[in-house]
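Contents: one structure, followed by commentary.
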Amino acid sequence: MGDTVGKHLSFGNFRFGRKRSNVENEIRFFRVGRVPMMGNPATGHLIGLSDDEVAVARAFAAGEVPLDAVAGVHGALADQLRQGAYGARRLPWVRSAYLHVTHRCNLCCEGCYSWEGHRNRLPDSTVGELRRALRFLSRQGIDELNVSGGEPFLRDDLPAVLEAAAIEFGIPSINILTNGTVLDPALLQACAPFVSMLSVSFDGASADDAAWVRGEQRFDELVAFARAAQDAGMSVCITPTLHRWNMEDVPRYIALADALGVQVGFSLLSPTSTGEVRHDLLPRGDDLHRLARLMLEAAEGGEEVAVESLACGLACRDNCGAGITSLSVAADGSVYPCHMMHDARFCMGNVFTGDGPTCEERLAMAERVHAWDAESACSACDFRWLCGGGCRARTLGAQTREDPYCETHRAFFSGVFDQIERHLTKEDHHAVSH
């Protein structure tokens, strides 16, 4: 399953995000419905253009008109071009990474992205080895670290790992992803000073719900864990995994988060690049459209929720960022493009036994991962530069030309732009940066 951590922005007021994406220094022009758009994939910035701005924007992108000249005609457009760093040359850098601190886990969940044959068999890496991984990741320029497993709280020395990440290597944002069943208040207290967010996975919005992913309902334990983390001073996000049989529970999860005073971020049950998942749980057909509608209804209600990249702010994306803006270090030190691609085909080296991949090696792997299928429906899709072609791990795992959740993305973005066209006037088309 794919995890959602980080920003949770609402589409209720149609805010455009400024989330950095991947990395070709080209400006994208496209149209969604009646709205002409331009976007910068290097920064993620988007601008909604009025019809009389399109020609000027294209001339600027082609180098035919300087920014000062644009400002003389369209001041608001020029301001947005400056904010979005349009025309600036930027090299790729990794923004976020996963660090898997253990193979061990006390659960066996459907769709677990980190499951592999050595689960509960190999000894934990040492703190020294994890420091090597942190040194490598800090040199890539990451500003967000997601600490995962296995189950991270099975490590008694987890605070030492987090302290190294935060203090020694200066990583600004550290998130822990946990199954919420290993409750040790003293360990939570020791970890709290270094943690920006604690994400607790839920498999049911009440103690009476079926536990489709875990097999056993442990709702009361999870609530107790979330409250203990809050008592320790941590910010908490509950992270249910959506699948065919629990999609209608989205409003209930939002209500649960409100009752607990925490954030909520949803994951989509997904095959990893190896294709392993319980297929009867995967949404299909009309389920995909219904899922998009549920997300839109939540956003229309002013709720701040996220489902992977769907509701974390509109951004211009060339692709999902695997190997470009994201990396993942497995519990044995192997480096992969993302946490959903722990697959021998995509291994780029090992930071416990070597230096890890160079920038050139990483981008060479990314080029292979994101190789474009000319027969894919993405090439003619209005939303190509918004979804970035979806999740490559899911596409590879499903052995399809498009992301299996493609129809959900299309329906979601279509709904968002329908609302934008209904509510925004011509003067309001410009992006609002964050």
For the range 139-187, name all the residues that are within 23 Å of Cys112 (Cβ to Cβ), over 24 Å from the mean Cα position of the chain (by Cα) and either modelled with pLDDT under 95 or part of a helix (DSSP H, G or I) (or both). Leu154, Leu187
Looking at (1) surrounded by 15 or more Cβ atoms within 10 Å (Cβ to Cβ); (2) modelled with pLDDT under 95, which is the one condition that is false for Arg89? (1)
In the range 351-391, how many residues are touching a residue at least 12 places away in the same chain (Cβ under 8 Å), farther than 23 Å from Asp403 by Cβ, part of a loop (DSSP other than H, G, I, E, B) and out of contact with any Gly (no Cβ under 6 Å at 6 or more places or on another chain)? 2
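Report whether or not Val213 is among the β-branched types (Val, Ile, Thr), outside any strand (DSSP E or B), in contact (Cβ under 8 Å) with a residue 12 or more places away in the chain and within 21 Å of Leu288 (Cβ to Cβ). Show your work before the answer.
Details: among the β-branched types (Val, Ile, Thr): yes; outside any strand (DSSP E or B): yes; in contact (Cβ under 8 Å) with a residue 12 or more places away in the chain: yes; within 21 Å of Leu288 (Cβ to Cβ): yes.
Considered against the rule, which asks whether it is among the β-branched types (Val, Ile, Thr), outside any strand (DSSP E or B), in contact (Cβ under 8 Å) with a residue 12 or more places away in the chain and within 21 Å of Leu288 (Cβ to Cβ), Val213 comes out as yes.
Residue check: is Gly233 touching a residue at least 40 places away in the same chain (Cβ under 8 Å), of a type outside the set (Val, Ile, Thr), buried (at least 23 other Cβ atoms within 10 Å of the Cβ) and not in a strand (DSSP E or B)?
Spelling it out, it is not the case that Gly233 is touching a residue at least 40 places away in the same chain (Cβ under 8 Å), of a type outside the set (Val, Ile, Thr), buried (at least 23 other Cβ atoms within 10 Å of the Cβ) and not in a strand (DSSP E or B).
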Within the range 177-229, restricting to residues that are touching a strand residue (DSSP E or B) at 6+ places or on another chain (Cβ under 7 Å) and among the aromatic types (Phe, Trp, Tyr), the one that is surrounded by the fewest Cβ atoms within 10 Å (Cβ to Cβ) is Phe194
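When the residues of the range 261-276 are filtered to those that are assigned to a loop (DSSP other than H, G, I, E, B) and either of a type outside the set (Val, Ile, Thr) or on the phi > 0 side of the Ramachandran plot (or both), which remaining residue is surrounded by the fewest Cβ atoms within 10 Å (Cβ to Cβ)? Talk me through it step by step, then tell me what you get.
Kept after step one, since they are assigned to a loop (DSSP other than H, G, I, E, B), are these residues of the range 261-276: 261-262, 265, 269-276.
Filter again for either of a type outside the set (Val, Ile, Thr) or on the phi > 0 side of the Ramachandran plot (or both), leaving 261, 265, 269-271, 273, 275-276.
Numbers: Gly261: 10, Gly265: 25, Leu269: 24, Ser270: 23, Pro271: 24, Ser273: 25, Gly275: 14, Glu276: 14.
Applying the filter and picking the extreme gives Gly261.
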Could you please tell me which pairs satisfy a Cβ distance under 6 Å, a separation of 6+ or placement on different chains, a first residue in the range 85-109 that is basic (Lys, Arg), and a second residue that is at pLDDT 90 or above and part of a loop (DSSP other than H, G, I, E, B)? Arg95/Thr325; Arg104/Gly150
Of the residues in the range 347-379 that are of a type outside the set (S, T, N, Q) and touching a Ser or Thr at 6+ places or on another chain (Cβ under 7 Å), the one that is surrounded by the fewest Cβ atoms within 10 Å (Cβ to Cβ) is Cys347
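Do we have Ala133 as among the hydrophobic types (A, V, I, L, M, F, W, C), closer than 17 Å to His100 by Cα and in contact with a Gly (Cβ under 8 Å, 6 or more places away or on another chain) here?
Numbers: among the hydrophobic types (A, V, I, L, M, F, W, C): yes; closer than 17 Å to His100 by Cα: yes; in contact with a Gly (Cβ under 8 Å, 6 or more places away or on another chain): yes.
Here the answer is yes, as Ala133 does meet what is asked.
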If I go through the range 55-78 residue by residue, how many of them are without any contact (Cβ under 8 Å) to a residue 24 or more places away in the chain and either in contact with a helix residue (DSSP H, G or I) (Cβ under 9 Å, 6 or more places away or on another chain) or surrounded by 12 or more Cβ atoms within 10 Å (Cβ to Cβ) (or both)? 14
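The values are calculated or read from the model by the stated rules, or taken from the named source; none is laboratory data. Computed from a predicted structure; not experimentally measured. Counting neighbours? That spans all protein chains shown, and the Cβs are built from the backbone with ideal geometry, glycine included.
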